[in-house]
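A short worksheet on the structure shown next.
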Amino acid sequence: MTDLPAVSILENDLSDLAARAGVIVVFATPDGKLDQGARKVNSLTKKSLARLIESEAFEKAKEGDALPMSYPVGVAATKIVVVKMGRRPSAEVARKAGASVAKARGTDDALILGGSIGRMADVAYGCALRGYTFTPHKTGDQDAQGAIDVMVTQVEEVQAATDVMMAIAQGVVFTRDLTNEPANVLTTTEFANRLAEMESIGLTVEVLEEDALEELGMGSLLCVGLGSASPSKVVVMQWNGGGDEAPFALVGKGVVFDTGGISLKPAGGMEDMTMDMGGAGVVSGVMKTLALRKAKANVVGLVGLVENMPSDRATRPGDVVTSMKGDTIEVINTDAEGRLVLADVLWYAQERFKPTGVINLATLTGAIIIGLGHENAGVFSNDDQLCNRFLKAAGAEGEGAWRMPMGAAYDAKLKSRIADMKNVGGRDAGSITAAQFLQRFIKDDMPWIHLDIAGVASVKAETALAPAGATGWGVMALNRLIADTYEAE
Ligand code: BES
Ligand code: MN
Ligand code: ZN
């Protein structure tokens, strides 16, 4: 797994600043006031910072932007990075500042002179997350990461906040690694093995193999993997940090590669379907974070791991399968496979765990990208309270999420001539009919959200806290939802 840079929170000590190697990060308020650390650097460097804050570049910079100065006189550091930021920044600005620092420092060691400025944990968090790169398949020297030292006056307080934030960052990076990984490496078996390793941090992890899934009657999930050499699996991860109350359930689509099956996708861009396990990746990342920060909540994460391949054994269009629930499904299009996987995992999650609510995540439809682009995930829910809580958590974490409608008229599109339903509802409202399909496997009165993350799980351009590629979208929002809703005293 990609390691995060080491972050150390240290006592404020400006005595050896001149000899410090690497990058030194200082802060200037938007109205040009230098913090204590910045004043010291200013005097060491013959007032170069004073020049900088008088400049047009500083004037034009936004809060959270960084202005790097290379090879300054008077210090050993190769770069001074001046961050424009107020003394009491919002979490968003502080994380953006951290991201700016990540870009300015590259893989050099950084010393951040935080002094008594607020939200230094968020600065370190933004720096760690934006500094992520996915390098396991690049040959050459990969070790250089560089350490992040943060000097502050309130060491204990900032350390405690940093510990929590780094647990979240570990979850995000775990999700990104899984989602970025190519499908010849991240097979269903490899995925399950990586999840089983989380036993070491206190999760209970079970891997249900094909015979067990057959026993359970998961004909819907199993029909997706029939064409693949990789065995289908369901992995159950339990975190019991709460009392004896029923858990909350997270369910993820884990299609390690989606060729479309017999309803084969076109060649152009098919390589992007390595990220079709993104929903399972987010569930896994959240479970990792909950365990690392020892969350006081009971949460169970379930992922359906399959590969959708064409072969002589693959499911054909027109085949009818029977779900664990007992409902029969006419498979019109083998490329609408995610919903077939989720149908059985959702049902199993409710039958076995009687959860207080369920949230599923899936890179489910191309149509959600047409509707919302890469800025927002589609949010579908049968429960206004849970939905609003989620939207609030996502908003607070800067993870775009937009509620979509549902209703009986959409559901009617799933009527089949020969089975209880078909797996596609036609081109119109493709994301909504997919959500309606899932809702058929949600019990009455079960609070439920379906998150269609096809547009946000992996993107071609960098985002605030991630380079191009897997984003880890949703780990922060779900972690916050759990913290705010299920851990509140
Ligand atoms: N995994 C795809 C959806 C997808 C598309 C994810 C683009 C990420 C980026 C899903 O399994 C799929 O193929 N959906 C079909 C459904 C259709 C056949 C009803 C789609 O969106 O075209
Ligand atoms: Mn598909
Ligand atoms: Zn898919």
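Quick note: the coordinates plus some simple rules give every number you see, no bench work behind them. Owing to the predicted nature of the structure, the values given are computational and were not obtained by experimental measurement. Don't worry about glycine lacking a Cβ; one is built from the backbone with ideal geometry, like all the others, and counts go over all protein chains shown.
Things worth noting here:
- Considering (1) more than 16 Å from ligand 2 (Cβ to nearest atom); (2) under 21 Å from the mean Cα position of the chain (by Cα); (3) not in a loop (DSSP other than H, G, I, E, B), the lone condition that Leu342 does not fulfil carries the number (1).
- Scanning region 179-191 for residues that are assigned to a loop (DSSP other than H, G, I, E, B) and not hydroxyl-bearing (Ser, Thr, Tyr) yields a count of 6.
- Options Arg39, Arg95, Arg88: the member that is part of a loop (DSSP other than H, G, I, E, B) and within 25 Å of Gln154 (Cα to Cα): Arg88
- Being surrounded by fewer than 22 Cβ atoms within 10 Å (Cβ to Cβ) and under 21 Å from Asn479 (Cα atoms) is a condition met by no residue of region 304-314.
- Residue tally, condition away from ligand 3 (no atom under 16 Å from the Cβ) and either farther than 18 Å from Ile329 by Cα or part of a loop (DSSP other than H, G, I, E, B) (or both), over region 433-460: 12
- Members of region 50-70 that are farther than 17 Å from Gly126 by Cβ, touching a Leu at 6+ places or on another chain (Cβ under 7 Å) and part of a strand (DSSP E or B): Met69
- So Gly217, is it at positive phi, surrounded by fewer than 23 Cβ atoms within 10 Å (Cβ to Cβ) and away from ligand 1 (no atom under 16 Å from the Cβ): yes
- Among the residues of region 389-411, none qualifies, meaning not one is away from ligand 3 (no atom under 16 Å from the Cβ), in contact (Cβ under 8 Å) with a residue 24 or more places away in the chain and out of contact with any helix residue (DSSP H, G or I) (no Cβ under 9 Å at 6 or more places or on another chain).
- Filtered residue count, region 328-365, keeping only those that are touching a helix residue (DSSP H, G or I) at 6+ places or on another chain (Cβ under 8 Å), more than 14 Å from ligand 1 (Cβ to nearest atom) and among the small types (Gly, Ala, Ser): 1
- The number of residues in region 334-360 being within 16 Å of ligand 3 (Cβ to nearest atom), of a type in the set (D, E, K, R) and over 13 Å from His450 (Cβ atoms) comes to 3.
- Some residue of region 282-296 being closer than 26 Å to Val185 by Cα, among the hydrophobic types (A, V, I, L, M, F, W, C) and not in a helix (DSSP H, G or I): no
- Pairs linking a residue in region 257-280 that is under 19 Å from Glu190 (Cα atoms) to a residue that is aromatic (Phe, Trp, Tyr) and more than 11 Å from ligand 3 (Cβ to nearest atom), with Cβ atoms under 7 Å and 6 or more positions apart or on different chains, are Met277/Phe191.
- Screening Arg293 on (1) within 20 Å of the chain's Cα centre (by Cα); (2) within 15 Å of ligand 2 (Cβ to nearest atom) shows it passes everything except condition (2).
- In region 231-269, the residue that is surrounded by the most Cβ atoms within 10 Å (Cβ to Cβ) out of those that are more than 11 Å from ligand 3 (Cβ to nearest atom) and under 14 Å from Thr363 (Cα atoms) is Gly252.
- Residues (of a type in the set (Gly, Ala, Ser) and more than 32 Å from the chain's Cα centre (by Cα)) located in region 7-26: Ser15, Ala18, Ala19, Ala21
- Whichever residue in region 285-310 is among the small types (Gly, Ala, Ser) and in contact with a Phe, Trp or Tyr (Cβ under 6 Å, 6 or more places away or on another chain) and, among such residues, is farthest from Lys233 (Cα to Cα): Ala297
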